[in-house]
Amino acid sequence: MGGEGFELEEERDGPLELLQSLRSKATELLLREEWEESILVYTQFIDLSRIQISNAGESDPDPDSIAKLRRSLCLSLCNRAEARARLRHYLEAMKDCDQALEIEKTHFKTLLCKGKVLLGLSKYSSALECFKTALLDPQASDNLETVTVYMEKCKKLEFQAKTGAFDLSDWILSGFRGRCPELAEFIGSIEIKKSDLSGRGLFATKNIVAGTLILVTKAVAIERGILGNGDSGEKAQLIMWKNFVEEVTESVRRCDRTRRVVSALSTGKDEDSLEIPEISLFRPEEAFETCGGDLKHNLDSEKLLSILDVNSLVEDAVSAKVMGKNKEYYGVGLWTLASFINHSCLPNARRLHVGDYAIVHASKDIKAGEEISFAYFDVLSPLEKRKEMAESWGFCCGCSRCKIESLLYVTNQEIREIEMGVERGVDAGNAVYMMEEGMKRWKVKGKDKGLLRASYWRVYDEIYNSERLMKRWGRKIPTMEVVVDSVSDVIGSEERLMKMAVEGMMKKNGGSSNIVEMEKILKLGKGVYSKVVSKKKAMKTLIGLK
């Protein structure tokens with residue numbers, strides 16, 4: 001839909017006829033949802049309208065003609081804003097809305113469009129003001145229900161953003177039917193500081209109880225798809241990555257604020273020299289600016305690729321859980337603030353993925369000043385295995401657990417022998433018995449017991465899930481409840497711990513639940529699924545209990 005054809009048309013017809021032709025074409029394209037083409041034609045109409053209004057003002061024509069042209073210009077700016085918003089070009093859409101409102105400050109359709117754009121930018125209070133102003137237009141009486149729905153949505157999301165009071169229980173109980181719930185962006189009591197683990201990290205500024213929300217953040221970009229097996233799966237993954245990179249690149253090009261936020265992320269080099277950004281940079285209420293496609297605002301493509309390589313998150317990660325229909329897909333995305341969370345073999349946070357949002361919550365109690373951490377890989381593994389996995393991620397883990405275990409391995413020949421036995425497939429009951437008896441001799445106490453049990457979780461899991469082994473070894477080793485409590489105390493809530501606790505309770509009580517044990521399991525559930533699941537019935541549904 002180029003401009004050349006219209007220039008030829010103008011030679012045959014007058015400017016007013018050309019304006020009518022352009023408006024008809026643009027409206028037709030808009031109705032057919034051909035957004036990019038309609039934007040091109042509306043742009044030609046808007047530019048020509050402005051020329052006509054300027055020329056008409058100089059020759060002092062009929063005021064009614066100018067007023068009519070201005071009304072058409074206002075509507076066209078609004079329609080172009082609508083098309084741009086559909087393409088998620090929110091900032092360009094905002095400019096169009098503001099220009100339309102300069103012509104008619106209570107134009108109903110424009111205010112409705114601007115309100116929806118502000119919602120898309122997570123600016124809830126500003127969106128609410130737009131919808132309130134829209135009620136002043138006479139057209140509002142015919143669209144009162146629509147405006148009211150948007151106003152209620154703004155109030156709900158603003159409340160979520162201020163309080164962190166999210167609840168997905170009803171959606172879960174419905175079997176995840178319908179669209180994913182709309183969520184607000186939320187940042188809890190956290191700050192960015194230098195990290196002893198790696199570079200920069202997120203730190204709690206207040207005590208945080210297990211299950212409490214830490215942040216809710218919307219992806220800059222996300223790509224999902226179903227992966228096949230073998231070569232086809234690898235090819236699909238490469239295509240997804242290419243599309244994902246293109247989407248992030250476009251988001252950075254369109255929005256200066258997005259560029260600044262993404263630029264603040266690490267490239268994996270010179271971590272110690274990186275600036276510490278203010279947490280306010282990541283708040284949705286920060287001012288938005290358009291970059292207008294100016295190349296000086298764009299990130300160097302090589303740097304952007306490095307940033308994505310280091311900071312992109314996959315939805316099926318060890319410390320993540322996908323909820324709703326998205327769980328059928330493989331997904332990769334960029335959630336900027338969440339990417340500051342470092343790995344620890346003593347993680348204290350997990351995340352849920354709902355729609356385009358990542359919900360980060362505490363998987364165990366976190367003290368003020370403590371760093372928030374994820375498990376990048378399976379931390380229910382021995383030290384040497386964890387070292388291999390950390391190396392594959394390109395770092396060496398220096399968390400307190402790795403330091404304690406490294407010292408123990410250096411000074412203790414017995415524990416190395418037990419590990420070699422486990423690797424050779426020694427009887428699980430014998431391995432657990434040797435470990436428990438060894439800890440008595442080595443004077444391993446308190447939480448350090450949980451560390452070693454976590455490292456050899458495989459053999460503990462095997463023995464507690466075998467009637468034969470439990471008959472032989474059950475009286476010589478700690479109860480399953482003791483082991484689950486000690487392991488969850490050090491690594492936080494984890495699905496395998498929760499599953500073992502559920503199965504153990506059901507076996508012990510003949511298929512029925514015990515109130516005290518149920519409360520312990522629900523506490524584990526809050527660490528896995530967070531307090532956004534507030535109703536016990538919804539939590540039991542997720543855990544697999546009736």
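The values are calculated or read from the model by the stated rules, or taken from the named source; none is laboratory data. The shown structure was predicted, so the numbers you read here are calculated from the model rather than taken from an experiment. Positions of Cβ are generated from backbone atoms using ideal geometry, with glycine treated the same way; all protein chains shown enter the neighbour counts. Side chains included, ligands, DNA and RNA excluded: accessible areas come from the protein's heavy atoms. Shrake-Rupley method; radii C 1.70, N 1.55, O 1.52, S 1.80 Å.
Under the condition of being of a type in the set (A, V, I, L, M, F, W, C) and within 15 Å of Ala375 (Cα to Cα), the residues counted in region 310-329 number 5. In region 275-288, which residue that is modelled with pLDDT of 90 or more and in a loop (DSSP other than H, G, I, E, B) is most open to solvent (accessible area, probe 1.4 Å)? Among residues in region 275-288 that are modelled with pLDDT of 90 or more and in a loop (DSSP other than H, G, I, E, B), the one most open to solvent (accessible area, probe 1.4 Å) is Glu275.
When region 394-404 is filtered for residues that are surrounded by fewer than 22 Cβ atoms within 10 Å (Cβ to Cβ) and at negative phi, the ones remaining, listed by number, are Phe395, Cys396, Gly398, Cys399, Ser400, Cys402, Lys403, Ile404.
Can you find even one residue in region 67-88 that is of a type in the set (D, E, K, R), touching a Cys at 6+ places or on another chain (Cβ under 6 Å) and farther than 27 Å from Ser251 by Cβ?
Of all residues in region 67-88, those of a type in the set (D, E, K, R) come to 68, 70-71, 80, 82, 84, 86, 88.
Subset that is touching a Cys at 6+ places or on another chain (Cβ under 6 Å): 82.
Then drop every residue that is not farther than 27 Å from Ser251 by Cβ, which leaves none.
No, because not a single residue in region 67-88 is of a type in the set (D, E, K, R), touching a Cys at 6+ places or on another chain (Cβ under 6 Å) and farther than 27 Å from Ser251 by Cβ.
Restricting the search to region 289-313, which residues are under 28 Å from Lys242 (Cβ atoms), modelled with pLDDT under 95 and not in a helix (DSSP H, G or I)? Thr290, Cys291, Gly292, Gly293, Asp294, Asn298, Leu299, Asp300 - these are the residues of region 289-313 that are under 28 Å from Lys242 (Cβ atoms), modelled with pLDDT under 95 and not in a helix (DSSP H, G or I). Checking each residue of region 117-132 against the condition of being in contact (Cβ under 8 Å) with a residue 40 or more places away in the chain, part of a helix (DSSP H, G or I) and open to solvent by less than 50 Å² (accessible area, probe 1.4 Å) gives at least one match.
Per the listing Leu40, Leu22, the residue uniquely assigned by TED's automatic domain parsing to the domain that holds Asp96 and at pLDDT 95 or above is Leu40. Reported count of residues in region 144-160, each being open to solvent by less than 60 Å² (accessible area, probe 1.4 Å) and either closer than 13 Å to His107 by Cβ or under 23 Å from the mean Cα position of the chain (by Cα) (or both), is 5.
In summary, Ile214 fulfils each of the numbered conditions (1) more than 22 Å from His353 (Cα to Cα); (2) open to solvent by less than 80 Å² (accessible area, probe 1.4 Å); (3) modelled with pLDDT of 95 or more with the single exception of condition (1).
Just a yes or no: is a residue in region 100-113 surrounded by fewer than 19 Cβ atoms within 10 Å (Cβ to Cβ) and of a type in the set (Gly, Ala, Ser)? The answer is no; no qualifying residue exists. With the condition kept exactly as written, say whether any residue in region 386-393 is within 13 Å of Ser344 (Cβ to Cβ) and loosely packed, with under 13 Cβ neighbours inside 10 Å. Yes, because at least one residue in region 386-393 is within 13 Å of Ser344 (Cβ to Cβ) and loosely packed, with under 13 Cβ neighbours inside 10 Å. Please go through region 520-532 and give me each residue that is of a type outside the set (A, V, I, L, M, F, W, C), crowded, with 22+ Cβ neighbours inside 10 Å and not in a helix (DSSP H, G or I), ordered by number. Ser530 - this is the single residue of region 520-532 that is of a type outside the set (A, V, I, L, M, F, W, C), crowded, with 22+ Cβ neighbours inside 10 Å and not in a helix (DSSP H, G or I).
For region 225-260, which positions are open to solvent by less than 10 Å² (accessible area, probe 1.4 Å) and either within 14 Å of Lys303 (Cα to Cα) or not assigned by TED's automatic domain parsing to the domain that holds Val332 (or both)? Within region 225-260, Val248, Val252 meet the criteria.
For region 504-519, the criterion of a residue being buried (at least 22 other Cβ atoms within 10 Å of the Cβ) and not in a helix (DSSP H, G or I) is satisfied by no position.
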